[in-house]
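Since every read-out is calculated from the coordinates, none of them should be taken as a lab result. Please read these numbers as outputs of a predicted model, since none were measured by experiment. Cβ: placed from backbone, ideal geometry, glycine included. Neighbour counts: every protein chain shown.
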Amino acid sequence: MDSETRQHLQYLIERGHLEGIAAGITKQVLERGEMSLSSAQQAVFERQVKEQYFTPKCGVCGDDVPVAEYARWEDEKLCFNCSSRESKDD
């Protein structure tokens, strides 16, 4: 797992975005890797973590928001370009 993915998973846990089984499975992924998951755990990880938190969309243009920009997206629901445009309009 690359460092950006690891940081993002840790961020999600620390900020309380993941609860219950999704948090437990994510902690297992951080400790032992995704290959350690059973097929049922993998399905939960895909549905409750990856699909929800690894492909956020900009609320204006609909583009995918990179994981590195997740903190900004969490606050504004905008990609970098749209956020910059809105800042210039202010």
_Report the gain in length on full extension from Ser36 to Tyr11: 0.36 nm times residue separation, minus Cα-Cα distance, nm rounded to one decimal._
6.9 nm
*Which order results if Thr5, Thr26 are arranged by neighbouring Cβ count within 10 Å, fewest first?*
Thr5, Thr26
_How high is the relative contact order of the chain? Use alpha-carbon pairs under 8 Å, at least six apart in sequence, and give a whole percent._
20 percent
*segment 23-38 to segment 47-85: how many Å between their Cα centroids?*
24 Å
*May I ask you to derive the FRET efficiency for Ser84 and Glu4 from their Cβ-Cβ distance with R0 = 22 Å, giving the value to the nearest 0.05?*
0.55
*If you place +1 on the Cβ of every Lys and Arg and -1 on the Cβ of every Asp and Glu, how big does the dipole about the Cα centre of the chain come out, in debye to the nearest 20?*
240 debye
*When the C-alpha atoms of the chain are aligned to their principal axes, what extent does each axis show, in angstrom, from largest down?*
49, 22, 19
*Per DSSP H run of at least 4 residues, take -39500 (n - 2.57); add these up for the chain, divide by its residues and hand me the 222 nm value, nearest 500 deg cm²/dmol.*
-16000 deg cm²/dmol
*Decide, for segment 1-53, between rounded, prolate and oblate: order the square roots of the alpha carbon gyration tensor eigenvalues as a ≥ b ≥ c, take rounded if a/c falls under 1.5, and otherwise choose prolate if a/b is larger than b/c, else oblate.*
oblate
*What does the charge count near Cys79 come to, summing +1 for each Lys or Arg and -1 for each Asp or Glu among other residues with Cβ under 15 Å from its Cβ?*
-2
*Go through segment 5-54 and name the trypsin sites (Lys or Arg not before Pro) that are in a DSSP coil and have 12 or fewer other Cβ atoms within 10 Å of their Cβ.*
Arg15
*Residues in segment 1-15, backbone N under 11 Å from the label point at Ala23 (7 Å along the Cα-to-beta-carbon vector): list them, ranges by number please.*
13-15
*Projected onto the charge dipole of the chain (+1 at Lys/Arg Cβ, -1 at Asp/Glu Cβ, origin at the Cα centre), which of Val29, Ala40, Cys79 gives the Cα projection farthest towards the positive end?*
Ala40
*asked:* Rounding to the nearest 10 and keeping the result within 0 to 90°, find how far the Cα-based axis of helix 20-32 lies from the longest principal axis of the chain.
replied: 80 degrees
*What angle do you read, to the nearest 10 degrees and between 0 and 90, between the alpha-carbon axis of helix 80-89 and the longest principal axis of the chain?*
30 degrees
